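Please read the structure below before turning to the comments.
The values are calculated or read from the model by the stated rules, or taken from the named source; none is laboratory data. All of these numbers come straight from a predicted model, not from anything done at the bench. As a convention, Cβ positions derive from the backbone with ideal geometry for all residues, glycine included, and neighbour counts pool all protein chains shown. Please note that ligands, DNA and RNA were not included when accessible areas were found on the heavy atoms of the full protein model with its side chains. Shrake-Rupley method; radii C 1.70, N 1.55, O 1.52, S 1.80 Å.
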Amino acid sequence: MKIAFVGKGGSGKTTLSSLFIRHLAAARLPVIAVDADINQHLGAALGLDETEGAALPAMGAHLPLIKDYLRGSNPRIPSAESMIKTTPPGEGSRLLRVGEDNPVYQACATAVTLDDCAVRLMATGPFTESDLGVACYHSKVGAVELCLNHLVDGREEYVVVDMTAGSDSFASGMFTRFDMTFLVAEPTRKGIAVYRQYKEYARDFGVPLKVVGNKVQGPEDLAFLRDEVGDDLLVTVGHSDWVRAMEKGRPAPFSRLEEGNRHALQTLHHTADAAYGRRDWERYTRQMVHFHLKNAESWGNAKTGVDLAAQVDPSFVLFEGRTAPQPA
């Protein structure tokens, strides 16, 4: 199951995504955590110190390897250099699975231990000073999108992505890659503004969206969120001494998280799991192709010098049981 956490900067989406990752790991479910935010804080939220966080391999730096591996023997893609972030899989492409070992995970994933559980953590890489004026951060996030396009995941397998803040999440088609999107919103006008913008964008693509109210301090905050987001409000969370201790570098065992917040995470889990029955792989593939053709026409063809529409395999549909060639 592919899960996104979105929201305005400072809303608490990274904290909530890290708590959800811990909850899934504690349930002994396989989890890949992905930091796709321009500000790379997911590692710290999962307990890494500054040195460990800085040592995380950047997916963007391994993009040639990622492309070459995923291309496989797909005859529609003559070279890895012709692949862009939206290139869809076809016959001969290699696919990724959550629990397997492969060269992409070997290069880009770091094992992070949470209590006595472990998850794989992947990060796009930070937006550095050398990028200013010469690079777009979304080119780094493109490595995540390409991997999601080639991912075959099943029930009780989770990829949890901490997305970049605000409406920047819509700078590519990656927002359509998820089974469930949790929008973290504070009970403020700015928090609701991001929700309305996301709701409008997501509506046309059938993106499942639920709101997690954060920093809710009382009945008045709860009433405000209910008035503004209606049935999209799934659950709320409030102050957490456990989170505060973790942010100070003094984490307690996850089992000591407050009961109310544990219940909120269980609600997120049940909601994500319920989305499994509504999966539509044909629509998922169509949307993948839609954004690829859009990107090809707007900039991809000019950048690569080839007709990227030819990469689309019209008979190919990604689905859970599909197999793909693996390296010798």
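Please count how many residues of the range 126-168 are among the polar types (S, T, N, Q) and modelled with pLDDT of 65 or more.
Applying the first criterion (among the polar types (S, T, N, Q)) to the range 126-168 yields 128, 130, 139, 149, 164, 167.
Now drop any that are not modelled with pLDDT of 65 or more, which leaves 149, 164.
Total satisfying the criteria: 2.
Against the condition open to solvent by less than 20 Å² (accessible area, probe 1.4 Å), in contact (Cβ under 8 Å) with a residue 24 or more places away in the chain, in contact with a strand residue (DSSP E or B) (Cβ under 6 Å, 6 or more places away or on another chain) and closer than 20 Å to Ala36 by Cβ, how does Phe175 come out, does it pass?
Numbers: open to solvent by less than 20 Å² (accessible area, probe 1.4 Å): yes; in contact (Cβ under 8 Å) with a residue 24 or more places away in the chain: yes; in contact with a strand residue (DSSP E or B) (Cβ under 6 Å, 6 or more places away or on another chain): no; closer than 20 Å to Ala36 by Cβ: yes.
The answer is no for Phe175.
Looking at the range 215-249, which of its residues are in contact (Cβ under 8 Å) with a residue 12 or more places away in the chain and either at positive phi or not in a helix (DSSP H, G or I) (or both)?
Across the range 215-249, the qualifying residues are Lys215, Val216, Gln217, Leu233, Leu234, Val235, Thr236, Val237, Gly238, His239, Ser240, Gly249.
Mind counting the residues in the range 84-129 that are among the acidic types (Asp, Glu) and either touching a residue at least 12 places away in the same chain (Cβ under 8 Å) or crowded, with 21+ Cβ neighbours inside 10 Å (or both)? Before the answer, list the steps.
Of the residues in the range 84-129, the ones among the acidic types (Asp, Glu) are 91, 100-101, 115-116, 129.
Then drop every residue that is not either touching a residue at least 12 places away in the same chain (Cβ under 8 Å) or crowded, with 21+ Cβ neighbours inside 10 Å (or both), which leaves 91, 115.
So the answer is 2.
State yes or no: is Val312 of a type in the set (A, V, I, L, M, F, W, C) and in contact (Cβ under 8 Å) with a residue 60 or more places away in the chain? Outline the logic, then answer.
Values: of a type in the set (A, V, I, L, M, F, W, C): yes; in contact (Cβ under 8 Å) with a residue 60 or more places away in the chain: yes.
When the stated conditions are applied, Val312 passes them.
Which one of the conditions (1) polar (S, T, N, Q); (2) open to solvent by 20 Å² or more (accessible area, probe 1.4 Å); (3) closer than 20 Å to Asp241 by Cβ does Ser18 fail to meet, given that it meets all the rest?
Single failed check for Ser18: (2).
When residues of the range 264-290 are filtered for being open to solvent by 20 Å² or more (accessible area, probe 1.4 Å), touching a residue at least 24 places away in the same chain (Cβ under 8 Å) and not acidic (Asp, Glu), how many remain?
Within the range 264-290, residues that are open to solvent by 20 Å² or more (accessible area, probe 1.4 Å), touching a residue at least 24 places away in the same chain (Cβ under 8 Å) and not acidic (Asp, Glu) number 13.
Does Val212 satisfy being surrounded by 12 or more Cβ atoms within 10 Å (Cβ to Cβ), part of a strand (DSSP E or B) and within 18 Å of the chain's Cα centre (by Cα)? Walk me through how you get there before you give the answer.
Details: surrounded by 12 or more Cβ atoms within 10 Å (Cβ to Cβ): yes; part of a strand (DSSP E or B): yes; within 18 Å of the chain's Cα centre (by Cα): yes.
Considered against the rule, which asks whether it is surrounded by 12 or more Cβ atoms within 10 Å (Cβ to Cβ), part of a strand (DSSP E or B) and within 18 Å of the chain's Cα centre (by Cα), Val212 comes out as yes.
Would you mind stating whether Thr323 is open to solvent by 80 Å² or more (accessible area, probe 1.4 Å), farther than 18 Å from Ile3 by Cα, more than 20 Å from the chain's Cα centre (by Cα) and of a type in the set (Val, Ile, Thr)?
On the way: open to solvent by 80 Å² or more (accessible area, probe 1.4 Å): yes; farther than 18 Å from Ile3 by Cα: yes; more than 20 Å from the chain's Cα centre (by Cα): yes; of a type in the set (Val, Ile, Thr): yes.
Spelling it out, Thr323 is indeed open to solvent by 80 Å² or more (accessible area, probe 1.4 Å), farther than 18 Å from Ile3 by Cα, more than 20 Å from the chain's Cα centre (by Cα) and of a type in the set (Val, Ile, Thr).
Need the failing condition index for Leu42 against (1) surrounded by fewer than 17 Cβ atoms within 10 Å (Cβ to Cβ); (2) over 30 Å from Gly92 (Cα atoms); (3) not hydroxyl-bearing (Ser, Thr, Tyr), just the number.
(1)
Could you give me the residue pairs with C-beta distances under 9 Å whose first residue belongs to the range 144-164 and is assigned to a loop (DSSP other than H, G, I, E, B), whose second residue is among the basic types (Lys, Arg) and open to solvent by 10 Å² or more (accessible area, probe 1.4 Å) wherever it lies, and which are 6+ apart or on separate chains?
Within 9 Å, the pairs are His150/Arg94; Val152/Arg97; Val152/Arg322; Asp153/Arg97; Gly154/Arg97; Glu157/Arg97.
Please enumerate the residues belonging to the range 291-320 that are aliphatic (A, V, I, L, M), under 13 Å from Ile77 (Cβ atoms) and open to solvent by 20 Å² or more (accessible area, probe 1.4 Å).
Within the range 291-320, Val306, Ala309, Ala310, Val312 meet the criteria.
So for the range 253-270 (the condition being under 16 Å from Leu16 (Cα atoms), β-branched (Val, Ile, Thr) and part of a helix (DSSP H, G or I)), does at least one residue qualify?
Taking every residue of the range 253-270 in turn, at least one turns out to be under 16 Å from Leu16 (Cα atoms), β-branched (Val, Ile, Thr) and part of a helix (DSSP H, G or I).
So the check is Cβ under 8 Å with 6+ separation or different chains; which pairs have a first residue in the range 45-65 that's at positive phi and a second one that's of a type outside the set (Val, Ile, Thr) and open to solvent by less than 60 Å² (accessible area, probe 1.4 Å)?
Close Cβ pairs satisfying both conditions: Gly47/Leu114; Gly47/Met246.
Do the conditions hold for Leu24, that is, is it at pLDDT 95 or above, of a type in the set (A, V, I, L, M, F, W, C) and open to solvent by 10 Å² or more (accessible area, probe 1.4 Å)?
Details: at pLDDT 95 or above: yes; of a type in the set (A, V, I, L, M, F, W, C): yes; open to solvent by 10 Å² or more (accessible area, probe 1.4 Å): no.
Taking the combined requirement at face value, the residue does not satisfy it.
Are there any helices (runs of 4 or more DSSP H) wholly within the range 1-94 with 3 or more residues that are hydroxyl-bearing (Ser, Thr, Tyr) and within 30 Å of Lys210 (Cβ to Cβ), and if so which? Steps first, please.
On the way: elements: 13-26, 42-45, 50-54, 63-71.
The helices (runs of 4 or more DSSP H) meeting that bar are 13-26.
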